[in-house]
Amino acid sequence: MGIRITPSILNANLADLNAEIARIPSADGVHLDVMDNRFVPNLTFGLPMVECVRAGTDKLLDIHLMIAEVDRWAPGYAEAGAESVTFHVEASDAPVKLSRELRALGARASMGLRPATPIEPYADLLPELDMVLLMTVEPGFGGQSFLDVMLPKIRRTRALLDAHGGDIWLQVDGGISEQTIERCVEAGADTFVAGSAVYRADDPDAVVRALKVQAEDAAAHRA
């Protein structure tokens, strides 16, 4: 399976994002955490910031919407040129409709789940999606420790994706580092959000490259 590393800029210098993104040329995309202090207890940035980032980079923009009223706001991020838009199923009243709208606007449609939200009730939605994001920490703040209890959920999600077929990415977000990424690959994940592990390093791109090598080696053994 293909491996993708999409670092989160949550721990980067938000005052100079163009320069911060330029520090990770090996990344497969840039993960942008949009929080509204309603769905999660933190406030980051919104559509104007994403539009500025879009104007400054040609990297894939992977938008993670941790916001209320996501059905209303998510399409705007696709219209702004984001290649991937993740909405949380817990915040969506019409996830199928929203997924189809995002795809019609040219974005990959992704469904995010909090740690306590099971994947099984949404198995029938999988053909409507291009990616499933599993939170491996409680959403809201960067720098948290990986929740090992999420590994069985990653395995169950991988089994559902394999059963449905197609090219649906399985992303994990939270506590991803050189100490945890191999376990996630072994459980079936292929797309990884790493924030503090990347941007707290002296050489962020070296960490991106190292994580990708680790993940690809683990994927080869899993195959």
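Tabulated data
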read-out	value
Low-density loop cleavage sites - trypsin sites (Lys or Arg not before Pro) in region 151-185, where at most 15 other Cβ are within 10 Å (DSSP)	none
Size-normalised alpha-carbon gyration radius of region 4-222, reference 2.2 N^0.38 Å	0.93
Positive-end extreme of charge dipole, region 86-223 - chosen from A220, A163, A206 (charges on Cβ)	A163
Helical contribution to [θ] at 222 nm, DSSP H n ≥ 4, -39,500 (n - 2.57), averaged over the chain, rounded to 500	-10500 deg cm²/dmol
For N42, net neighbour charge (Lys/Arg +1, Asp/Glu -1) across residues whose Cβ lies under 15 Å away	-2
Rounded Å value of the spacing that divides the Cα centres of region 208-223 and region 133-171	17 Å
Cβ-defined net charge surrounding R200, 14 Å radius [Lys, Arg +1; Asp, Glu -1]	-4
Relative contact order for the chain, counting Cα pairs under 8 Å that sit 6 or more residues apart, in percent	21 percent
The chain - charge dipole about Cα centre, Lys and Arg +1 at Cβ, Asp and Glu -1, debye rounded to 20	220 debye
Positive-pole candidate from S177, L10, V89, dipole of the chain, charges at beta carbon	V89
Net charge dipole size for region 181-220 [Lys, Arg +1 and Asp, Glu -1 on Cβ; Debye, nearest 20]	120 debye
Inter-probe distance in nm under a simple model that places probes 7 Å from Cα toward Cβ, at E186 and A94	4.4 nm
Point-to-point label distance, H221-D167, nm (Cα→Cβ direction, 7 Å offset)	2.8 nm
Candidates per trypsin sites (Lys or Arg not before Pro) in region 27-104, loop by DSSP, up to 16 other Cβ within 10 Å	R38
Potential lengthening between R72 and L43 on full extension [0.36 nm per residue; Cα-Cα distance subtracted]	8.6 nm
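All of the numbers you see were taken from the coordinates with simple rules; none came from a lab. On a predicted model such as this, the values are computed, not experimentally measured, just so you know. Ideal geometry is used to build each Cβ from the backbone, glycine not excepted, and the neighbour counts take in all protein chains shown.
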